[in-house]
Amino acid sequence: MGTAVTTLVKDSPPQAPQKRPAAPGDAKRRGRRENLAGYLFMSPWIAGFLLLTAGPMVASLYFAFTDYNLFTAPKWIGFDNFTKMFEDPRWQKSVEVTAKYVVIGTPLKLLLALGVALLLAQSRRGQGFYRAAFYAPSLIGASVSVGFVWRALFSDDAIVDRTQSLFGMDVGGWVGNADWILYCLVALTVWQFGAPMVIFLAGLKQVPRELYEAAEVDGAGPLRRFWSITLPMISPVLFFNVLLETIHSFQIFGSAYVVSNTSCGPADATLVYTCYLYQKGFKEAQMGFASAMAWMLLLAVALVTAVLFWSQKRWVHYEEAAR
């Protein structure tokens, strides 16, 4: 009997040592260490945001209410910069040119992007090549070198001038024509339709094929299927592109500055808002006035963004809302 008990005791597996229950303070210390590690990883971004974004924004807000020329100490003048701004004819011209550019360029760019995305959404050979080729201008379109090339293409006796002469259009070079140079900038921004095209293409891939098949059975044609199925299903993507491209259009500077040969002309025909802001701030050293212009642009973009978000309730359809 004693031998059997001894054998059972020897053959039984050893019991695992019991863990000491964690003290309440251990979890707190571990949480602090994890938070500290997270803040350390985020510290480069936080430093960059404070020094390069938040700091300059606060400083420009202060300068907007001062007379500051970069060489002397700022002098507080209240709302004088804003009063001068609204009375300045060239500021009014810059608002007019920018609004015209946004209203014409943004819809044309989105229409072309959507049209090409509809073509690329169909299965065909060389699809990857076509997508890359159409997207490439978005990567290089904002560069200064493309601005010089664009100015050369639309100059007097250049390829665009010669081509339109074949069709009996005696307009001359668009760059030197105050009535046409803005459309030269519109053509440049429309040429860079690759980014919204890729976003449209991603949205089109998410549309269920069953909806198109059911519509075909009911006798719906291509236009009816596009209007009743495609547009409602990609309306969130359309809203995103409209919002993003509208904000980008308000910020146009490089192409207008380079194509006009740094003059924002002729006759202020390409005097977009940011170009006039640059002239006032860095050429005329009126940094207080330029800061006021910058904050007015921020308010205008915020107002347009708010209107777009308000309007989305009427034409943007989300799946969650449908459920």
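The values are calculated or read from the model by the stated rules, or taken from the named source; none is laboratory data. All values reported here derive from a predicted model rather than from experimental measurement. We place every Cβ from the backbone using ideal geometry, glycine too, and count neighbours over all the protein chains shown. Ligands, DNA and RNA are stripped out before the accessible areas are found, and what is left, the full protein with its side chains, is counted by its heavy atoms. Shrake-Rupley method; radii C 1.70, N 1.55, O 1.52, S 1.80 Å.
Electrostatic bookkeeping for VAL97 treats Lys and Arg as +1 and Asp and Glu as -1; over the other residues with beta carbon under 12 Å from its beta carbon, the sum is +1.
Please give the calculated 222 nm ellipticity per residue for the chain, where each DSSP H segment of at least 4 residues contributes -39500 (n - 2.57) and the sum is spread over every residue; nearest 500 deg cm²/dmol?
-21000 deg cm²/dmol
Annotation for region 98-186: trypsin sites (Lys or Arg not before Pro) lying in DSSP loop with at most 12 further Cβ atoms inside 10 Å of their Cβ are ARG124, ARG125. Taken over region 135-240, the percentage of Cα pairs per 5 Å bin, counting from 0 up to the bin with the maximum distance, is 2, 11, 14, 14, 11, 10, 9, 12, 9, 6, 2, 0. 3J(HN,Hα) couplings calculated from phi for region 76-85 with the Karplus curve 6.51 cos²θ - 1.76 cosθ + 1.60 (θ = phi - 60°) are, in sequence order, 5, 10, x, 8, 4, 4, 5, 5, 4, 4 Hz; Gly and Pro show x. Treating r as the C-beta distance of LEU51 and VAL207 and R0 as 41 Å, the FRET efficiency rounds to 0.35.
Region 56-89 and region 235-269 have Cα centres lying 25 Å from one another.
Using a 1.4 Å probe on the protein heavy atoms, what percent of the accessible area of region 136-290 belongs to carbon and sulfur?
The value for region 136-290 is 63 percent carbon and sulfur by accessible area.
Approximating the spin labels as points 7 Å out from Cα along Cα→Cβ, the TYR39-to-ALA136 distance works out to 4.9 nm.
Ranking GLY288, ASN241, LEU52 by how far each Cα lies toward the positive end of the dipole of the chain (charges on Cβ) leaves LEU52 at the top. With 22 Å as the limit on Cα-Cα distance, the pairs of LYS93/LYS283; LYS84/LYS280; LYS100/LYS205; LYS93/LYS280 that go past it are LYS100/LYS205. Checking Cβ-Cβ separations below 4.7 Å across the chain identifies CYS184 as cysteines lacking any candidate disulfide partner. Legend: residues THR189, THR262, sorted from most to least accessible area (1.4 Å probe; ligands, DNA and RNA excluded), read THR262, THR189. Enumerate the amide H contacts of ASP67 below 5 Å, restricted to partners 5 or more residues apart or on another chain; note that Pro and chain-start residues carry no placed amide H. Answer set, sorted by chain and number: LYS75, TRP76, ILE77. Within the chain, the proportion of Cα pairs with more than 28 Å between them is 62 percent. Taking a straight Cα-Cα cut-off under 28 Å and skipping sequence neighbours fewer than 8 places away in the same chain, the lysines within cross-link reach of LYS28 are LYS19.
Of the chymotrypsin sites (Phe, Trp or Tyr not before Pro) found in region 61-109, those that fall in a DSSP loop while having at most 12 other beta-carbon atoms within 10 Å are PHE71, PHE79. The chymotrypsin sites (Phe, Trp or Tyr not before Pro) of region 222-275 that meet both conditions, a loop assignment by DSSP and at most 15 other Cβ atoms within 10 Å of the site Cβ, are PHE253. Once all protein chains are placed together, SER143 keeps about 50 Å² accessible to a 1.4 angstrom probe.
Counting only protein heavy atoms and a 1.4 Å probe, region 80-315 has 53 square angstrom of accessible area per residue.
Residue separation of PHE226 and ALA214 scaled by 0.36 nm, minus their Cα-Cα distance, works out to 3.0 nm of gained length.
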